[in-house]
Structure formats: C-alpha cells, structure tokens
1. Taking region 43-119, which trypsin sites (Lys or Arg not before Pro) meet the DSSP loop condition and have no more than 13 other C-beta atoms within 10 Å?
2. Would you kindly calculate the translational diffusion coefficient of region 40-114, applying Stokes-Einstein with the Kirkwood radius from alpha carbon pairs, for 20 °C and a viscosity of 1.002 mPa s, and quote it in µm² s⁻¹ without decimals?
3. How would T87, T180, T276 rank on accessible area, largest to smallest, probe 1.4 Å?
4. Quick one: how many Å² of C27 are accessible to a 1.4 Å probe, rounded to 10?
5. Which shape class, rounded, prolate or oblate, goes with region 287-343 when its Cα gyration tensor gives a ≥ b ≥ c as root eigenvalues, a/c under 1.5 marks rounded, and past that a/b bigger than b/c marks prolate?
6. In nm², what is the average projected area of the convex hull enclosing the Cα atoms of region 1-72?
7. Placing unit charges on C-beta atoms (Lys and Arg positive, Asp and Glu negative, everything else neutral), compute the dipole magnitude of the chain about its Cα centre in debye, rounded to 20.
8. Can you list the GluC sites (Glu not before Pro) in region 68-153 that are in a DSSP coil and have 14 or fewer other beta carbons within 10 angstrom?
Amino acid sequence: MSWITDAWYVAAWDGEVGREPMARTICGKPVMLYRKLDGTPVAMRDACPHRMLPLSMGIKEGDSIRCRYHGLKLGADGCAEEMPLRTDPVNKGICAETFAVVERHRFIWLWVGDKAKADPNLIPDFWPCSAPGWVFDGGYDPVACDYRLMIDNLMDLTHETYVHSGSIGQIELMEAPIETRVEGDGVFVSRWMPGVEPPPFWRLALGRDCKVDRWQVCQFVAPSNVMIDVGVAPVEMGLTLADHDAGTRGFVIDAITPESETSMHYFWGMAHNFLTDDPGFTVRFKTQQGGVFAQDLEVLEAQQRSIAANPDIKLRGYNIDEGGVRARRVIDRLRKAKEAMAA
C-alpha cells in the first residue's frame, strides 16, 4: 500500500454523518459511519460478521445497528446484542471491527491502523478552522486518482497560472522565487510576490484595487494533508513573509484521504479572516472555490489515466516539483518505519 498506517485521516465532514448509516472506504477498508443518540460518531467495519452484507444497509435501532439480511443486532461497540434466532443466547464473541473516531475542526477523523495507538493529540492541527475571528467552510469531492498526485498538485502552485487563470492565477507565480524546507515530518514551500496587481479574488477580498504584496506558504502535514497560507496586503503596510499576520489572509484546508491506490476522498475548504460578518460571502466563496477545485480534478483524473496508459514512463521532477517530491519522501519514510515496527 502507498499510504501510512497508524495515522488519522478525515473520514467525513461533520455535517455528512447523521443518524442514518453511511458507507465510505478509507485506506482500502469499507467503513460505516453514523451518530449515536447523544451525537457521538461511530465508525465500524462495513460488513456484517455473519454473512458479510454491508452494515450500512442495516436498520438503526437506538444506538445499535441490525443487519438487514438475517437480523443480527450489533451495539455501537460492534458486539452482538441479539442473534438472528432471538431464542439463541447472545454470543458476545461475535463482533464487527470498530475504529477510533474523533470529531474536530469540523471533520470526523478516523484512525487507520492499530486502534490501541490512536492518540487524539496526533490529529493534524487545523487551527484556523476553529480559531476565534476566523470563518471556515468547504466541500467534498471523490477523485479518481492516486492521493499523492493531489499532494503534488497542492505543493506546486505554479499550476495556478494556467489551470486557474480566470480566478487566482497570475504570471507572477511563474516569476517569484520559491523556497522549500523540511521541518521534521513537515514540508514547506514559500513564495513572496512583492508589488503585484492582485488577481480578481484578492481584489474582491481587499475591497479596493491597489498594488499588493502576495504570499503563498504550502505546508504538507502528515499523513496526507496540505494547509496553504495565502493572502495579500497593500504594499504600504510593509509586511514580510516572516510577518504577515495583519494581512487579508486565508488558509486553504486540504484533507486528502486515500480510498484505494487510484482513488481518494478530497475534503476542501478555506478559513478566512476577512468579510467574516458576511455569511453570504462564505457561501458564494465556497461555490467559487468548488469551481476552482473542479479544474484541478479534471487535470488530476486525466493525469491518472495517462499514468495507467503509459506504464513505461515515469513522472519527472523539476525545480517547481520540489515540495511534492519532498512530501512523497516523508510519506515513504513514515510508511516504511510503520511497516518495520509492525514486522
């Protein structure tokens, strides 16, 4: 497998999971998600331990699930509460696998790997999604590509010039120098564009037209997430890459969860510190952001098809790809270390 085990992955947005069971495959494992009566999320292997019918097709009864095939009833802990033949004594040894889940930063996080190692302190710190003074919302898309292609895409924003030319792209992205660094398991790609014309979106966010300093700082967060610190500030504010908290700023949040080797779940959004008292803006921007990401998905799915059609050709890495290359190295290192520990 290409992904890291013993790690937290986003399984769903908080609003996706309700009382009725839903199915989603996470890192190759079929998972059923639902909420108990008190709102607590539950994650269970989506296969009845009797005859393997997906439990997501089952019938909710209180906090429990009853298989729709023969009626085996399982509690939220995955263990049998009632046998198909109700006069039979309950065999508590009959259980479906359950997963550790935590609700944080508007997401339902699921631990893939050894449940005993599921430490909530290891959940990626998406702080702008929960911080006072910031507003956060976003969406979800299934994508038919290797999850690492999305990480490559997000760690190299020069593609904005051509893929997103009508919204956030501009030629200065191709001209500004890029700084790449690795800090532990994190990879950072930084770009500072001084004294440029703001592209359409940032002109709207500023509320005026003026020369700006623009920045992009892409941060890879293991196991497969990217946070992108983006923004602009009028040149006269004198901000720098090291100190730009006072600017018109946003964090693009990208939670990338493998489904299979050639498919993934993409949870995207943006936390922003401007126009926070205008809920209509947040709704409109979510729609706009979804349109921007749809352009990425078209490119990435075509890239995946081309990779499959050209097995004798390998991906090449140029200077602009350094962030993605280093992120892949972190993934490989962590994955091999987990495999060695398991062995």
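1. In loop regions of region 43-119 (DSSP not H, G, I, E or B), the sparsely surrounded trypsin sites (Lys or Arg not before Pro) are R51, R86, K92.
2. 166 µm²/s
3. Heavy-atom accessible area, descending, gives T87, T276, T180.
4. Its heavy atoms expose roughly 10 Å² to the probe.
5. Here region 287-343 falls in the prolate category.
6. About 5.3 nm², averaged over all directions.
7. It works out to roughly 980 debye.
8. For GluC sites (Glu not before Pro) across region 68-153 that sit outside H, G, I, E and B with at most 14 neighbouring Cβ atoms in 10 Å, the list reads E97.
The values are calculated or read from the model by the stated rules, or taken from the named source; none is laboratory data. The structure presented is a predicted model; accordingly, all values stated were derived computationally and were not measured. Here Cβ is always computed from backbone atoms with ideal geometry, including for glycine, and neighbour counts include all displayed protein chains. Side chains included, ligands, DNA and RNA excluded: accessible areas come from the protein's heavy atoms. Shrake-Rupley method; radii C 1.70, N 1.55, O 1.52, S 1.80 Å.
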